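Inspection log for the structure reproduced underneath, given as structure tokens.
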Amino acid sequence: SFIGEESVAAGEGSILTDNPTWIIDPIDGTTNFVHRFPFVAVSIGFVVNKKVEFGIVYSCIEDKMYTARKGKGAFCNGQKLQVSGQEDITKSLLVTELGSNRDPETIKIILSNMERLLSIPIHG
């Protein structure tokens, strides 16, 4: 099976089944692309039995290829990636994205979550 982000965004229906399925977003970061903000990628995932087996993200502008395989780790241009190990959130940098959904109820939830995050004494 095949699920394309652009067709789903255009309103076409899509159902994830247990069949092996490719999920592809040819312009991941469409809003960034439209505004010439240089964070755009091609994202590809492969799912079997509704579980991700592997994924590939090619960051076009940076010329970086991110890959990950279930149980095998994640890599950037072949170099293994790992989390920092920082366990104290007050010493962390949090990054968020508000999304494109402007439904009033969704905005209310997003802003409530942001308020909770901003009350933590984080670095930024």
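The values are calculated or read from the model by the stated rules, or taken from the named source; none is laboratory data. Given the structure is predicted, the values throughout are model-derived calculations rather than measurements. Positions of Cβ are generated from backbone atoms using ideal geometry, with glycine treated the same way; all protein chains shown enter the neighbour counts. Accessible surface areas use protein heavy atoms only, side chains included; no ligands, DNA or RNA. Shrake-Rupley method; radii C 1.70, N 1.55, O 1.52, S 1.80 Å.
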Inset, instruction - Six or more apart or on different chains, Cβ under 9 Å: which pairs go from a residue in segment 25-38 that's over 18 Å from Gly4 (Cβ atoms) to one that's β-branched (Val, Ile, Thr) and surrounded by 16 or more Cβ atoms within 10 Å (Cβ to Cβ)? Could you list them? - result: Asn32/Val40
Inset, instruction - Please find, within segment 1-15, the residue that is modelled with the lowest pLDDT out of those that are more than 18 Å from the chain's Cα centre (by Cα) and surrounded by 12 or more Cβ atoms within 10 Å (Cβ to Cβ). - result: Ser14
Inset, instruction - Quick one: count up the residues across segment 46-71 that are touching a strand residue (DSSP E or B) at 6+ places or on another chain (Cβ under 8 Å) and farther than 23 Å from Leu98 by Cα. - result: 15
Inset, instruction - Considering each of Ile110, Ile120, Ile89 in turn, give the residue that is β-branched (Val, Ile, Thr) and in contact with a Gly (Cβ under 9 Å, 6 or more places away or on another chain). - result: Ile110
Inset, instruction - Scan the strands (runs of 3 or more DSSP E) fully inside segment 20-124 and keep the ones with 2 or more residues being of a type outside the set (Gly, Ala, Ser) and open to solvent by 90 Å² or more (accessible area, probe 1.4 Å). - result: 51-59, 79-81
Legend entry - Complete set of residues in segment 95-113 that are under 24 Å from Gly29 (Cα atoms) and modelled with pLDDT of 90 or more: Arg102, Asp103, Pro104, Glu105, Thr106, Ile107, Lys108, Ile109, Ile110, Leu111, Asn113
